[in-house]
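Here, each number is a calculation from the coordinates, and none is a lab measurement. For clarity, every value in this text was computed on a predicted model and none was experimentally measured. Neighbour counts are summed over all protein chains in view; Cβ atoms, including those assigned to glycine, are modelled from backbone coordinates with ideal geometry.
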Amino acid sequence: MTTQSTPSGAALPMIGGTLQIKRPSKATKDLKIKMGIHGRSGVGKTRFALGLAKHKKVFLIFSEKSETSIVRYPEFDLIEKNLEYVEVNSWLDVKLAFDYVTVNQQKYDWIIIDSTTDVNKRVIEDITENSKEEVLSMRQWGQVTARMERFVRYIRDLKTSVLFICLSTADKNDMTGNVCQYPSLTGRLKEEMPAYLDINGYAYTVEDKNEPGKVQRAIQFVNTPGAIAKDRFDILQYEPMDMTVILKKLGMIE
């Protein structure tokens, strides 16, 4: 059994020459955040995500015509210098964008996928185009799910923080009658997506009790019967849809 020095100078064993036993160090505080947000169309998910560029270097992969959201962002001058983006309209575009971020990830603090739901559609289109049948078989639907799972894992495992944006879909439990909001993704991934991530939030709006006719935008990070959500760090609960607030609570900015 070989050894390798840790940041503190202590020697820890290497199992089989490849698997290193570790101890916590100050570097542990710098772990990258892997986050997901889901919510209905128009709730403000893209605008929320763009708030990252006020504080961090961001690369945005978008496939929902998000360019309008970018140029009309209320504080555009604060995000312009920190934001780079690419539009993807096919599964080939998605692969090219992934190749780019794989090679250039050191340039960015965050990678945003807007939206993962639309990437899922690009996968379905690609498999449909290569099929002789108009309707996908069960085996092909399994291929869609498997390809999406690989995509999510590859993006998650980049050496940056990552934000996956999804639409929401409502499913009713026939046994209990309960309706729950899930990320709108194929197959088992809609339920398993939060397990891939540190944080998963459900974005929603509620009527402003103080100003009738106006709405408040918020994000739920607490898992409930009505919405899939989580926070592995147990820091976020019901928060305003303000990325600056979220980053401060996570200790990523002062």
*Can you tell which of Thr160, Thr68, Thr145 shows the greatest fluctuation in a Gaussian network model of the chain with Cα springs below 10 Å?*
Thr68
*Measuring from label point to label point, each 7 Å out along Cα→Cβ, what is the Thr224 to Ser137 span in nm?*
4.4
*Structure-based [θ]222 nm, the chain - -39500 (n - 2.57) summed over DSSP H runs of at least 4, per residue, nearest 500*: -8000 deg cm²/dmol
*By how many nm would the segment from Asp242 to Glu87 grow when fully extended, if each residue of separation counts as 0.36 nm and the alpha-carbon distance is taken off?*
53.4 nm
_Let me check I've understood the local charge: for Arg156, count other residues with C-beta under 10 angstrom from its C-beta, Lys and Arg +1, Asp and Glu -1. What total comes out?_
+1
_Centroid-to-centroid separation of the range 196-254 and the range 106-167 [C-alpha atoms, Å]_ = 25
*Could you list Met148, Met138 in order of exposure, starting from the residue whose Cβ has the fewest other Cβ atoms within 10 Å?*
Met138, Met148
_Max mean-square fluctuation residue, GNM over the chain, Cα-Cα springs under 10 Å, options Pro74, Pro194, Pro212_ = Pro212
